[in-house]
Amino acid sequence: MQNPLPQRLSQLREEFSNGQTMLVELETQQRQLRESLLRISGAIQVLEEVMAAEQTPGGHSDANASPNASLNDSQVEQATKKPFGMARAE
């Protein structure tokens, strides 16, 4: 009867290596997702500021509003055009 321990050791090493590879891939996905969420959060903030500026009399932002509130339509489109799933393509 052959000793099954060396074969089992080889299997475990392969599983360990596969697990490490998977962990690296998942950490990369997590980083990409965090970057996407940060980008989306920024786009939300820009749109909220633009909408708030539009609601003030004369369409101008007040002294306390962020400078982003005076963005023009093309700047707003640029800030919000990238779909969620596209962030990983960079």
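Every number in this text was worked out from the coordinates using simple rules, so none of it is lab data. Predicted model, so just to flag it, every value in this text is computed and none were measured. Reconstructed Cβ throughout: ideal geometry from the backbone, glycine too, with neighbour counts over all protein chains shown.
Report the FRET efficiency, 1/(1 + (r/R0)^6), for L12 and I40, where r is their Cβ-Cβ distance and R0 is 41 Å, rounded to 0.05.
0.50
Suppose R0 equals 25 Å. What FRET efficiency, 1/(1 + (r/R0)^6) with r the Cβ-Cβ distance, do Q29 and A52 give to the nearest 0.05?
After rounding to 0.05, the efficiency reads 0.15.
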